[in-house]
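Undergrad: Shown below is the structure under consideration.
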Amino acid sequence: MPVRQGVDFRNSGAIPDRTVTSDDLFCGRREIAIEHAGSFYRLKITRQGKLILNK
């Protein structure tokens, strides 16, 4: 998975440690699961192309 480092994030002045494209993250799927601190979250791409994160 390609990772971009030092990419300006929406001109906010904050530079993330790394940036991953949604294409690389989803790999052709519309929904993925994310495990964080013992909890699971669902990240979905809507029909309008927006991202929604649900616990």
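Undergrad: How many residues does segment 35-49 hold that are loosely packed, with under 12 Cβ neighbours inside 10 Å and either at pLDDT below 95 or within 14 Å of S22 (Cβ to Cβ) (or both)?
TA: Adding up the residues that qualify gives 3.
Undergrad: I want to confirm something. Restricting to segment 1-34 and keeping residues that are loosely packed, with under 10 Cβ neighbours inside 10 Å and of a type in the set (A, V, I, L, M), which single residue is modelled with the highest pLDDT?
TA: The selected residue is A33.
Undergrad: Could you pull out every one of the strands (runs of 3 or more DSSP E) wholly within segment 16-55 that has 1 or more residues that are of a type in the set (D, E, K, R)?
TA: Output list reads 31-36, 39-45.
Undergrad: Further question on the same structure: Which residue pairs have Cβ atoms closer than 6 Å, lie 6 or more positions apart in sequence or on different chains, and pair a first residue in segment 16-34 that is aliphatic (A, V, I, L, M) with a second residue that is surrounded by fewer than 11 Cβ atoms within 10 Å (Cβ to Cβ)?
TA: A33/F40
The values are calculated or read from the model by the stated rules, or taken from the named source; none is laboratory data. Fair warning: this is a prediction, and the values are worked out from it, not measured in the lab. Methodologically, a virtual Cβ is constructed for each residue, glycine included, from the backbone with ideal geometry; neighbour enumeration extends over all protein chains shown.
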